[in-house]
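Q: Please find one structure pasted underneath; my questions will follow.
The values are calculated or read from the model by the stated rules, or taken from the named source; none is laboratory data. Since the structure is predicted, the reported quantities are computational estimates derived from the model, not experimental observations. For neighbour counting, all protein chains shown are included, and Cβ atoms are generated from backbone atoms with ideal geometry for every residue, glycine included. Accessible surface areas use protein heavy atoms only, side chains included; no ligands, DNA or RNA. Shrake-Rupley method; radii C 1.70, N 1.55, O 1.52, S 1.80 Å.
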Amino acid sequence: MLILSIESSCDETAVAVVRDGRQVLADEVLSQADMHAIYGGVVPEIASRSHVTAISRLATSAIEKAGITKKDIDAIAVTYAPGLIGALLVGVNFAKGAAMSLGVPLIPVHHVRGHIAANYLAFPELEPPFLCLAISGGNTIIVDVRGYTDMSIIGATHDDAAGECFDKAARVLGLPYPGGKPMQELAEKGSDTAFKLPNAHIEGHPYDMSFSGLKTAVVNAAHNAEQKGEELDKAGLAASFQKAVSDALVPRTMAAAEELGYDKIVVAGGVAANKRIRADFEEACKKAGKKLFVPPLKLCGDNGAMIGAQGYYEYLAGARAGSDLNAYATMDIDNIEK
Ligand code: KG4
């Protein structure tokens, strides 16, 4: 089954062609990051407008690169939640038009389910059940993935997402948006014990997280140095921050996998690209005798292929949308609106 899949939830316009949820025939991704960088974050209106100008061209290019024609497409999958509402609507409306004109089913896909499914593309042998940590710019959740479309959240951030925290901390250190990668590069030059940063625990919710205190601690460290006229050890702060984020994520995920009896751990989303977090997971999984799955860098960030992968399994589970499909800025991964 060939699915043309569309992703436009934030600042990447992406269209892919995926066969049977596992094989990527084409994966066109156009990042708008440069356009938003001067504002220090994503500007929703610019994101929506840029999706409009790019989406049709990317779809044509994906079909060409896949070596197929429009007639070969069996279904259209599209991200409909969560994300920036105006940005999502561009993809959803394009997908509706494409499905209608080709006379094929329209499959709504939850963005974070897509991130998890990126791992099905990278690891042909991977099948649920497993425990997943999904870490991106907008979401940070620990998910019990019982089946391809049967999952529940067992831990989540109470405030900022891990990626958002990276971006905000990077901004304080004068690094460009998106801040995750520059922060990682700066951290490589510093000591992770240079600063003592908080690791919040939420009473009664061992798998939940909070990153707002960590973010504030980075802001305070920077302001303190400025007020005292001292030179800030930026690399040390970046390294200590990165360690603190990893310390919040890795032990919780390992403990949750242990409690649920899972020996497979999957990491997904843009922050899964982080070298320190990947290394800490590798070490923890080796120690615990668990198998780790983390996608290659290309599949960590937003892309259309992951939507095609999850779209296939949603299709098999019977998910179909009509021309009344709406987009939603927020939606839980385990409580999806059909
Ligand atoms: O998954 P993604 O591309 O978009 C969302 O669905 O949100 O994730 C983007 C996030 C940004 O916050 C970005 O700073 C972060 O992923 N990120 C990283 C790294 N590369 C991207 N965070 C830490 N280390 C990285 N190497």
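Q: Taking all protein chains in place and a 1.4 Å probe, what share, in percent, of the accessible surface of region 110-262 do carbon and sulfur account for?
A: 49
Q: Hey, can you grab everything whose amide H is under 5 Å from the amide H of residue 8? Only 5+ residues off in sequence or another chain; H modelled, so Pro and N-termini drop out.
A: Close amide H contacts, sequence-distant or interchain: 79.
Q: While we're looking at this one, here's another question. If Lys and Arg each add +1 and Asp and Glu each add -1, what is the summed charge of the other residues whose beta carbon sits under 10 Å from the beta carbon of residue 47?
A: -2
Q: Taking 0.36 nm per intervening residue step and subtracting the Cα-Cα distance, what contour gain separates residue 205 from residue 334 on full extension?
A: This chain segment gains 44.6 nm when fully extended.
Q: Can you tally the net charge around residue 254? Count Lys and Arg as +1, Asp and Glu as -1, for every other residue whose Cβ sits under 9 Å from the Cβ of residue 254.
A: Numbers: positive: 252, 287, 290; negative: 258.
Result for the local shell: +2.
Q: Of the heavy-atom accessible surface of region 11-89 (probe 1.4 angstrom), what whole percent is carbon and sulfur?
A: On the way: 1950 of 3550 Å².
Answer for region 11-89 is 55 percent, counting heavy atoms of protein chains only.
Q: Between region 221-266 and region 276-299, what is the separation of their alpha carbon centroids in Å?
A: Taking the Cα centre of region 276-299 as reference, the centre of region 221-266 is 16 Å away.
Q: Something else about it: Tell me, what is the per residue accessible area of the chain in Å², probe radius 1.4 Å?
A: On the way: 14330 Å² over 338 residues.
It amounts to 42 Å² per residue over the chain.
Q: Sum up the charges of everything whose Cβ sits under 10 Å from the Cβ of residue 307, counting Lys and Arg as +1 and Asp and Glu as -1, but leave residue 307 out.
A: Result for the local shell: -2.
Q: What fraction of the DSSP beta bridges in the chain is antiparallel, stated in percent and rounded to the nearest 5?
A: About 60 percent, rounded to the nearest 5.
Q: Follow-up question, since we're still on this one. Just list whichever of 234/290; 96/291; 215/275; 181/287; 70/275; 243/298 have alpha carbons separated by over 30 Å in the model shown.
A: The answer is 234/290; 96/291; 70/275.
Q: On to the next question. Long-range amide H contacts for residue 25: which residues qualify at under 5 Å (H placed 1.01 Å from N, peptide plane, sequence gap of 5 or more or a different chain)?
A: 17, 18, 19
Q: Something else about it: Can you give me the relative contact order of the chain as a percent, contacts being Cα pairs under 8 Å and 6 or more apart?
A: Computed value for the chain: 25 percent relative contact order.
Q: Based solely on its DSSP helices, what 222 nm [θ] is calculated for the chain when runs of n ≥ 4 H residues each add -39,500 (n - 2.57) and the sum is averaged over all residues, nearest 500 deg cm²/dmol?
A: Rounded to the nearest 500, it is -14500 deg cm²/dmol.
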